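**Q** Pasting in a structure now, in structure tokens, and then I'll have a few things to ask.
Coordinate-derived values only; no laboratory data. These numbers come from a predicted model, not from an experiment. Reconstructed Cβ throughout: ideal geometry from the backbone, glycine too, with neighbour counts over all protein chains shown.
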Amino acid sequence: MSQPTSVPASLPEPVGAPYFHYEHGELHAEGVPVGDLARQHGSPLYVYSRAALRAAWQRFEDAIDGRNALVCYGMKANSNLAVLREFARLGAGFDIVSGGELARVQAAGGDPGKVVFSGVGKQTWEIEAALRAGVRSFNVESVAELRHLSATATRLGLTAPVSLRVNPDVDAHTHPYISTGLKENKFGIAIEEAEEAYRLAAALPGLEIVGVDCHIGSQLTEISPYLDALDKLINLIDALAADGIRLHHLDIGGGVGIRYRDEQPLSLRDLLDEVFLRLAARGHGGLQLVMEPGRSLVGNAGILVTEVLYLKHAEAKNFAIVDAAMTDLIRPTLYDAWHGVLPVRTPSAGCSAKLYDIVGPVCESGDWLARDRELALRQGDLLAVESAGAYAFVMSSQYNTRPRAAEVLVDGAQAYLIREREQVPQLFAGEILPPDA
Ligand code: LLP
């Protein structure tokens, strides 16, 4: 990767630095000018940095520091095969939530023996596929699911490894849409009911109890909610041991937050030191720790490149209408999420900055990517929406019959197309006209 040169005062430091950086006034992904990628592959375009993916993985490795832990990438955050392959090669397991995700893991060469299968609504075909693939654990979210899993495994003559997802009723202090560990959320089995559910699991045929898990929310920036949940889970593990039920692993879920704007991400090292300390202090040092991080492995490893189609100066607002939309990145309108917006090139002299709302072409007032951003723009300029590696492409849709964007993975001075841009005929290729009346 070429070394970044000093950034002119007018250009902010990307949150994805040093993997995204300015060089000679032009935004680069590692060694490749982002403008070249847009010229070659068109826009809107997702661009990921391989070195950033590896560095994010290494942060977990460093924090684990040889202790007994398995990182199962929460692949719903970004499930492109190339991204999965990268993590598989680094030794990752995967946290999946559907049969489709299992198929992706298999297509990318991931190890099903390191897969944990989460989700409140597992369908029969998905359970069957996961049993046949030999996943490491079903993270079971209700007693009804437990019974169905037992019946399905028994019918196939297989044994389902089971971990109950417990809802510890802790407040993760995050956005309500991505908070999952409170009583009122649909996820998991209430902690008060967990012991009885485990006793049922021990009695049902076709099941082998292997662990316990929880996931309390996403984009957490504090350690304390994890520890509150951990303490409750340890109490449960003690109660189970008294019942003769022993576990192999404890899964604390995902949720580690990233910096979008000025958030202070938590220290993974501090979190893991404290988790291992508490486990050891309570006599559970032999348990394997499982984690399911999604966003923190990919979020700042990607940007969304978009072109300014038109500038519109209305009475109350200036709008930059760009070729990316809520269909490409729904987070701003769905969660009121803030994503940085960077110019791909230094604004030309004489182009003055104004406050812009960055909006897409979709026919919805909710179709916006950023609001009130001070930018010096001209028609045809390229912008980079930051922190677009997680929950970005994967949440895109074809609303307004918009083809989904292409994705590129940069590695040093090389760029690889890892997903072709959809073509319009593909979008209705599966539709069937009935005979004319
Ligand atoms: N494990 C389970 C059971 C999960 O439900 C999730 C995310 C993860 C792991 C990974 O969490 P992470 O480390 O990425 O926070 N679309 C939302 C985020 C939804 C998260 C859903 N569950 C967003 O764009 O912010």
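**Q** Any idea which residue in region 240-261 is surrounded by the fewest Cβ atoms within 10 Å (Cβ to Cβ), counting only those that are assigned to a loop (DSSP other than H, G, I, E, B) and away from the ligand (no atom under 16 Å from the Cβ)?
**A** This residue is G244.
**Q** Further question on the same structure: How many residues are part of a helix (DSSP H, G or I) and under 20 Å from Y19 (Cβ atoms) if we restrict to region 33-67?
**A** Here the count works out to 21.
**Q** Would you be able to tell me the number of residues in region 45-67 that are of a type in the set (A, V, I, L, M, F, W, C) and within 15 Å of the ligand (Cβ to nearest atom)?
**A** Final tally of qualifying residues: 5.
**Q** Hey, another quick one. Which condition does D273 not pass, out of (1) away from the ligand (no atom under 16 Å from the Cβ); (2) closer than 30 Å to L382 by Cβ; (3) among the acidic types (D, E), if it passes all the others?
**A** Going through (1) away from the ligand (no atom under 16 Å from the Cβ); (2) closer than 30 Å to L382 by Cβ; (3) among the acidic types (D, E) one by one, D273 breaks only (2).
**Q** Could you list, in sequence order, the residues of region 134-151 that are part of a helix (DSSP H, G or I) and surrounded by fewer than 19 Cβ atoms within 10 Å (Cβ to Cβ)?
**A** Correct list: V143, A144, R147, H148, A151.
**Q** Within region 329-437, considering only strands (runs of 3 or more DSSP E) that don't extend past its boundaries, which have at least 1 residues that are under 23 Å from E101 (Cβ atoms) and under 22 Å from the mean Cα position of the chain (by Cα)?
**A** Hits in region 329-437: 406-411, 414-419.
**Q** Please specify each residue of region 68-109 satisfying the condition of being part of a loop (DSSP other than H, G, I, E, B), more than 15 Å from the ligand (Cβ to nearest atom) and among the hydrophobic types (A, V, I, L, M, F, W, C).
**A** Listed by number, the residues that qualify are L90, A108.
**Q** So, in region 110-129, exactly how many residues are in contact with a strand residue (DSSP E or B) (Cβ under 6 Å, 6 or more places away or on another chain) and within 15 Å of the ligand (Cβ to nearest atom)? Quick ask: steps written out before the conclusion?
**A** Initial filter on region 110-129 (in contact with a strand residue (DSSP E or B) (Cβ under 6 Å, 6 or more places away or on another chain)): 110, 114-118.
Of the ones still in play, those that are also within 15 Å of the ligand (Cβ to nearest atom) are 114-118.
So the answer is 5.
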